[in-house]
Structure formats: C-alpha cells, structure tokens
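Here is the structure we will look at, set down as structure tokens.
Since every read-out is calculated from the coordinates, none of them should be taken as a lab result. None of the values given here were measured: they were computed from a predicted structure. Here Cβ is always computed from backbone atoms with ideal geometry, including for glycine, and neighbour counts include all displayed protein chains.
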Amino acid sequence: MTPHLRCPHGHRIPTVRRPGGHGPPDRLSDRREPGELAGKPLDRALLASLLEQTEPGATVADLGCGPGHVAARLAGNGARTVGIDLSAGMVEAGRRRFPQVEFRQGDFRELPAEDGEFASSVVFYAIIHLDPGDMPRAFEEMYRALRPSGLLLLSFHVGEEVRHMDEWWGHGVNLAFRFLDPAHVAPLLEAAGFAVEMHMERTHYAHEAETRRCYFLARRLPFGAAEQQRPDDRRPNRSAH
C-alpha cells in the first residue's frame, strides 16, 4: 500500500486536482495553520532574499497559495502580493484572513494574470500536484506572467514516488503528491525560458513529513534569449513581451 504523507506537517493543503479526482472540500480550507512558516527558518530566509531582489512596490505572486500564509508574509514585509489558487474555498479563506492580499482563483495552466504582471513569483510545494504532462505548460505560464528578469522561487519534495491521499480531516479526497527529481525539473524550467541561479536542498525539520526538499531560484530570461534555448517544437507562437 502506498504510504500517506503525514499532513498537515510540512504541507499546505493541495490545490491542484488530479484528472478525474478532486481537491479537498472547500470547508477544509479553514483547518490549516496560517503560521506554519514559523517553524521553517530556511523558507523564511529565502522569501526575504527574494523580496530583497524585487523592486520595491512591484507585485509578487504566490502561486498555489492555499489559504494564503506565504502571501500574507510577503505582504507583511511590504510587498504588493497576489495569491492564486485553484480552490474557491482556499481563495475565500484567504480573503477572510488576509485582506491585505489580493486573491484570485485560477489554474497553473492558464494563470489569471497579465503578461509580465509579476516582478517575482513564489511556488511553494504546489507543483507536486501537477500531472507530469502539465508541468511544461505551467512553467510557460509562470514565465509569461513574470516581467523580464523576474525571479521564480520554487520548492518541492525530492524523489520519484507518488503518494496518494484518500482522506483529509474525515473527508474523502483523491490527491496525488508527486515527488520530483531536481535533474528533471531544471531542464523544464530552462526550456520554458528560465535560468536557474540557485539549487538548494535540505532534510525535513522535526515537525515536518520525513522528505527531502528542493528549492530553485530561477530568473526569467528576455524573450529572445529564452527562445534560443528552447527546442523548436517548444517555442510558443506569441509576440515578444
């Protein structure tokens, strides 16, 4: 039997549905601990570093934001922040808890954002719920929504297994947690138009699920430079921006 992640330790509620499955019931969005970053000093440091490299007053996105605790921390440090999540319940919970953040409902594969709207984007433990075939499209959308030279801070669990969850807080769910190989993720980022500037890994903290975690900091290349590093069949048909 496939083991379950010991949620909620070390995780936000998943926000991307599996094909044919469903995410957590919307009422579960109020069962998360909004201060979970308190026990993650490296995550807090990486967020602070991202903001230090982001132009003051520019908009920062939290993609796959769940109920918004990362977005709220960014906003609390002075950033104009937009949180985007697939779940209407998560978005509503975020709006109630963190009115200083703008929340939008949307999909990684078609982000509700203008071209170049964000100066930086954070994606913490959200791509682990994407089907592998959707990941290139998701990275291309992250590229599109970032301004030139914008930064993407990405994290995920390291490995090759897929863990499933069929119950959350007594409710039936159908969720996949896909562990990812950094050597596979990095080329997908580069194919989408990013240059990876930092790759860091850590073991779990005592209160987290016992997994290894990976962090990438990637910079959006100018459109022309990005096109040169994409295979011909992966080059999108759109004008420079």
Exercise. Each residue of the range 203-212 in order: what ³J(HN,Hα) in whole Hz does its phi give by Karplus 6.51 cos²θ - 1.76 cosθ + 1.60, θ = phi - 60°, with x for Gly and Pro?
Worked result: 7, 6, 6, 4, 8, 9, 4, 7, 9, 8
Exercise. Which of the peptides 63-72, 85-94, 129-138 is most tightly packed, and how do the rest follow, judged by the mean count of other Cβ atoms within 10 Å per residue?
Worked result: 63-72, 85-94, 129-138
Problem set entry | Residues of the range 133-149 with amide N under 18 Å of a point placed 7 Å along Cα→Cβ from residue 58 | 141-149
Problem set entry | the range 26-232: Cα Rg divided by the 2.2 N^0.38 Å rule of thumb | 0.97
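How high is the relative contact order of the range 26-232, in percent, with contacts defined as C-alpha pairs under 8 Å that are six or more residues apart?
About 16 percent, as a whole number.
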Seminar exercise, completed: Note on the range 26-232, DSSP bridge orientation, antiparallel percent to nearest 5 equals 55
